[in-house]
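Okay, structure first, notes after.
The values are calculated or read from the model by the stated rules, or taken from the named source; none is laboratory data. What you are looking at is a predicted structure, and each value in this text was computed from that prediction instead of being measured. So basically every Cβ, Gly included, is an ideal-geometry build from the backbone, and we count neighbours across all protein chains shown. SASA here: full protein model, heavy atoms, side chains in, ligands and nucleic acids out. Shrake-Rupley method; radii C 1.70, N 1.55, O 1.52, S 1.80 Å.
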Amino acid sequence: MFLSIDQQEKISVALVDNEGNNITYGELAEKMVEVGKEVAPRSVIFILCKNTVGSMIGYLGFIEREAVPLNLSDKIDKDLLKTLIATYTPAYLWVPEEEAESYGYEAVYNTYGYTLLKTGNEIYPVHDKLQFLMTTSGSTGSPKLVRYKKGNLEANAKNVAIAFGWSDKERPLCDLGMQYTMGLNVINTHLYVGATVLLTTYNIMSGEFWDYIKTQKATNFTGVPFSYDLFFRLHFERMDLPYLTTFSEGGGKLTDARFIQMAEYAQRTGKRFIASFGTTETSARMACLPAELALTKTGSIGRAIPEGELFLIDENGNELTDPVAEGEMCYKGPNVTMGYAVCKDDLMKDDEFNGEYHTGDLARRDEDGCYFVTGRLSRFLKLLSYRVSLDQSERLIQQEFGIECACSGTDQRMNVYITDESKKAEVLEFIAAKTNLFKSLFKVFVVNEILRNDSGKIRYKDMDAKYAG
């Protein structure tokens, strides 16, 4: 059975959510078979995801049935959803029951607050290897999907569990959406070892979120950089969290200052802080930094997970074999997906990545074989022919002023977005001095908020359209 759900202790609790639902491994295995019988094998199914037991039953059951689910947020933009439905013509939708009537399709099954809708769309051929679909990060206006082959999700679950030392005693808190690659990895990894996954839809800033952590005795938490910014805004380091012993980070780069804060907090309290790195194209995680190195390798993503290999290439595509080097970071491993799709015909494509993925991230490797992501190949401007890193500019401003910041622009001007009016003049002086370029090449915008998607990543195009357009 998928993720070896049927091999776990049947009476052990598999999933708990903040809507009052819980389900044991034995019950979950039965529900997976039950919901699977309601759909046709190899059919495409859209899941409108919430972090609830009902949402999970569909995801697990459809994969077990060898259907092909696509995980989407239940809060997805309606126009994008219409585009995706028109593009991929799914045979079914799995949606929260309170929204089922709004879609206008026939309801054929209901359980744990979720309803299966039959769209009437014809089932069409998909590749034999294809198991799962997910949107690419940043594709809020695009039908581009990542194609997962059979074995990707389970390989990543197994190897991340080994790297992190997870066991069936864990009670992970999962607030990252299951339509987000890192959130789904947290769930898969812990189900694989027989742990109890604590699903939540509560907002980090709410008292309910922290009460849930305490009452459910959560043992580990995985967050994106924005999650940890919110943590420190709430002074979580002063809270009494005796059961919460591991903090993991992924989905982007922490500032060095925040990284050190977390590493020092973990050391001071006898907890673990594990930085990690992954992409949708690699089924989430491909590397992590052992907790014991957190204080000595500030900003590092560590080394490849078991069965994986990280390596660097130069601008001509040649592998950099020197122990200390810098170039584009690439990865090989059983969790590398098949490639992309932009239409339903692409779901018949074979494996295009062939186990190797070029991330588009610049990274350096140190003398101990640890990797440090330094920026994106595409996140550079050429101002007066000088190459300027937008990622590095953001980090410099964040670390100097301790404020939220986003940098974008063209080769004619860098746009700097901040939320603190009092720092506007200082930020302009600072970034011009750091780059040794004219102040006229920069424009600082004071905004109410830095726009982010539901996984905490900055929506640069939307920022430009709204404020600099």
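Given the conditions (1) out of contact with any Asp or Glu (no Cβ under 8 Å at 6 or more places or on another chain); (2) within 27 Å of Gly151 (Cβ to Cβ), which single one is not true for Gly207?
Going through the list (1) out of contact with any Asp or Glu (no Cβ under 8 Å at 6 or more places or on another chain); (2) within 27 Å of Gly151 (Cβ to Cβ), Gly207 breaks only (2).
Can you tell me how many residues in the range 451-466 are surrounded by fewer than 17 Cβ atoms within 10 Å (Cβ to Cβ) and of a type outside the set (Lys, Arg)?
4
Tell me, which residue of the range 325-346 that is open to solvent by 50 Å² or more (accessible area, probe 1.4 Å) and closer than 21 Å to Pro125 by Cα is farthest from the chain's Cα centre (by Cα)?
So, considering only residues that are open to solvent by 50 Å² or more (accessible area, probe 1.4 Å) and closer than 21 Å to Pro125 by Cα, the one farthest from the chain's Cα centre (by Cα) is Asp345.
For the range 162-182, give me each residue that is outside any strand (DSSP E or B), open to solvent by less than 10 Å² (accessible area, probe 1.4 Å) and in contact with a strand residue (DSSP E or B) (Cβ under 6 Å, 6 or more places away or on another chain).
Residues satisfying the conditions are Met178, Met182.
When you scan the range 257-285, how many residues do you find that are hydroxyl-bearing (Ser, Thr, Tyr) and on the phi > 0 side of the Ramachandran plot?
1
Please go through the range 431-450 and give me each residue that is open to solvent by less than 80 Å² (accessible area, probe 1.4 Å) and under 32 Å from the mean Cα position of the chain (by Cα), ordered by number.
Of everything in the range 431-450, those that are open to solvent by less than 80 Å² (accessible area, probe 1.4 Å) and under 32 Å from the mean Cα position of the chain (by Cα) turn out to be Ile431, Thr435, Phe442, Val444, Phe445, Val446, Val447, Ile450.
If I ask for residues that are of a type outside the set (Phe, Trp, Tyr) and within 15 Å of Glu34 (Cβ to Cβ), which ones from the range 76-112 would you list?
Of everything in the range 76-112, those that are of a type outside the set (Phe, Trp, Tyr) and within 15 Å of Glu34 (Cβ to Cβ) turn out to be Val108, Asn110, Thr111.
Take the conditions among the small types (Gly, Ala, Ser) and in contact with a Leu (Cβ under 9 Å, 6 or more places away or on another chain) and apply them to Gly58. Does it pass?
Yes, satisfied.
Applying the selection to the range 364-421, what residues are under 26 Å from Cys288 (Cα atoms) and of a type in the set (Asp, Glu)?
Answer for the range 364-421, where residues must be under 26 Å from Cys288 (Cα atoms) and of a type in the set (Asp, Glu): Asp366, Glu367, Asp368, Asp391, Glu394, Glu404.
Within the range 143-156, restricting attention to residues that are at pLDDT 95 or above and in a loop (DSSP other than H, G, I, E, B), which residue is most open to solvent (accessible area, probe 1.4 Å)?
Result: Lys150.
Looking at the structure I just gave you, is Glu307 touching a helix residue (DSSP H, G or I) at 6+ places or on another chain (Cβ under 6 Å), open to solvent by 50 Å² or more (accessible area, probe 1.4 Å) and not hydrophobic (A, V, I, L, M, F, W, C)?
On the way: touching a helix residue (DSSP H, G or I) at 6+ places or on another chain (Cβ under 6 Å): yes; open to solvent by 50 Å² or more (accessible area, probe 1.4 Å): yes; not hydrophobic (A, V, I, L, M, F, W, C): yes.
For Glu307, the condition - touching a helix residue (DSSP H, G or I) at 6+ places or on another chain (Cβ under 6 Å), open to solvent by 50 Å² or more (accessible area, probe 1.4 Å) and not hydrophobic (A, V, I, L, M, F, W, C) - is met.
Pairs only if they're at least six apart or on different chains, beta carbon under 9 angstrom, first in the range 207-225 and at negative phi and at pLDDT below 95, second of a type in the set (D, E, K, R) and part of a helix (DSSP H, G or I); list them, first residue then second.
Listed by first residue and then by second, the contacts come to Pro225/Arg258.
Out of the residues in the range 347-391 that are open to solvent by less than 20 Å² (accessible area, probe 1.4 Å) and among the charged types (D, E, K, R), state the one that is farthest from the chain's Cα centre (by Cα).
Among those residues, the one meeting the criterion is Asp366.
Within the range 283-297, can one find any residue that is under 18 Å from Gly375 (Cβ atoms), open to solvent by less than 10 Å² (accessible area, probe 1.4 Å) and in contact with a strand residue (DSSP E or B) (Cβ under 9 Å, 6 or more places away or on another chain)?
Within the range 283-297, one or more residues are under 18 Å from Gly375 (Cβ atoms), open to solvent by less than 10 Å² (accessible area, probe 1.4 Å) and in contact with a strand residue (DSSP E or B) (Cβ under 9 Å, 6 or more places away or on another chain).
Out of (1) out of contact with any strand residue (DSSP E or B) (no Cβ under 6 Å at 6 or more places or on another chain); (2) outside any helix (DSSP H, G or I); (3) surrounded by 22 or more Cβ atoms within 10 Å (Cβ to Cβ); (4) not aliphatic (A, V, I, L, M), what's the single condition that is false for Asn159?
Failed condition: (2).
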